[in-house]
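Read through the structure below, which is laid out as structure tokens, and then see the notes.
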Amino acid sequence: MTFLPDKFKNKFTAFLARLIINLVARTSKTAKINEDAIAGARDKSKNVIYAFWHGRQFMLVWTHRFQGVYLMTSYSRDGELQTGIMSGFGYNIIRGSHRKRGAVEGTLELIKRIENGDDAAFAVDGPRGPAFQVKPGIIFIAQKTGRPIVPVTFSARFKIVMNNWDRYCVPFPFNDCAVVYGRSLEVRRTDDIHAKCRELESELNRITGYADGLFT
């Protein structure tokens, strides 16, 4: 593929990734655990903000597809690839993270969409880490909009955990998988953003450990 321009490489790679996600998801049994957490959060607010670890998004791409969820991706090459993958599953993409000006514009647009009643989702340790450390952006947005955060993760019986910065989890086809939702988190105007980051971090680690434990 070295003879192809980057634009076509990204399109081909995104197409291949979508095929792999479809193959794994359609041949696997996926249980949703504590899904009532979403309904509980929606009792307080029409829409929610999903939070997940960057390396635990594989099956979430499938289980939340075509639900009108908004995501923000960067202007980097990785962001371009992610846009190609996620848009193919019906996600609404806002470009904005990574570049300073774009990050501000993207954040403002995302706040507008959330206030209009749309769901949003964040890889809270992305796009470049450090892994398993919540960045303050999601807390800031939840504080501004008043919408609850719903932590979510996944695991699988048969999987590869890649040796990269986010420890990306790739499940095999013909598998048993679990998507686990955590306790929703509300952020008040007076709350300390960094303390809320640690609270969300703790809950994501808890449900991820629980999800992994289902298959050990």
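Can we say Gly40 is touching a Ser or Thr at 6+ places or on another chain (Cβ under 8 Å) and touching a residue at least 24 places away in the same chain (Cβ under 8 Å)? So Gly40 fits the description; yes.
In summary, Arg167 fulfils each of the numbered conditions (1) in contact with a strand residue (DSSP E or B) (Cβ under 9 Å, 6 or more places away or on another chain); (2) modelled with pLDDT of 95 or more; (3) at negative phi with the single exception of condition (3).
If the condition is being within 16 Å of Ile138 (Cβ to Cβ) and of a type in the set (A, V, I, L, M), then region 54-76 contributes Leu60, Val69, Leu71, Met72. Applying the condition of being among the basic types (Lys, Arg) and out of contact with any Cys (no Cβ under 6 Å at 6 or more places or on another chain) to region 146-164 and asking which residue is surrounded by the most Cβ atoms within 10 Å (Cβ to Cβ) yields Arg147. Can you tell me how many residues within region 104-120 are touching a helix residue (DSSP H, G or I) at 6+ places or on another chain (Cβ under 8 Å) and touching a residue at least 40 places away in the same chain (Cβ under 8 Å)? Qualifying residue count for the region: 3. Screening region 53-77 for residues that are surrounded by 20 or more Cβ atoms within 10 Å (Cβ to Cβ) and among the small types (Gly, Ala, Ser) and picking the one that is modelled with the lowest pLDDT gives Ser74. On inspection, Leu4 does not qualify as modelled with pLDDT of 95 or more and surrounded by fewer than 18 Cβ atoms within 10 Å (Cβ to Cβ).
Listed by position, the strands (runs of 3 or more DSSP E) inside region 125-213 whose residues that are touching a residue at least 24 places away in the same chain (Cβ under 8 Å) number at least 3 are 149-156, 169-171, 176-181.
Taking the conditions exactly as written (among the charged types (D, E, K, R), on the phi < 0 side of the Ramachandran plot, at pLDDT 95 or above and surrounded by fewer than 14 Cβ atoms within 10 Å (Cβ to Cβ)), does Arg188 satisfy them or not? So Arg188 fits the description; yes.
Within region 159-200, the only residue that satisfies the criterion of being in contact with a Pro (Cβ under 7 Å, 6 or more places away or on another chain), closer than 30 Å to Leu19 by Cβ and hydrophobic (A, V, I, L, M, F, W, C) is Cys177.
Just to be sure I understand, how many residues within region 44-90 are touching an Asp or Glu at 6+ places or on another chain (Cβ under 9 Å) and acidic (Asp, Glu)? Residues in region 44-90 being touching an Asp or Glu at 6+ places or on another chain (Cβ under 9 Å) and acidic (Asp, Glu): 1 in total.
Assessment of region 79-96 against the conditions (touching a residue at least 24 places away in the same chain (Cβ under 8 Å) and among the basic types (Lys, Arg)) yields no matching residue. Could you say whether any residue in region 202-209 is in contact with a Leu (Cβ under 8 Å, 6 or more places away or on another chain) and under 19 Å from Ser45 (Cβ atoms)? Among the residues of region 202-209, at least one is in contact with a Leu (Cβ under 8 Å, 6 or more places away or on another chain) and under 19 Å from Ser45 (Cβ atoms), which makes the answer yes.
The values are calculated or read from the model by the stated rules, or taken from the named source; none is laboratory data. The model shown is predicted, which means the values in this text are computed figures rather than measured ones. Cβ sites come from the backbone with ideal geometry, for glycine too, and all protein chains shown count toward neighbours.
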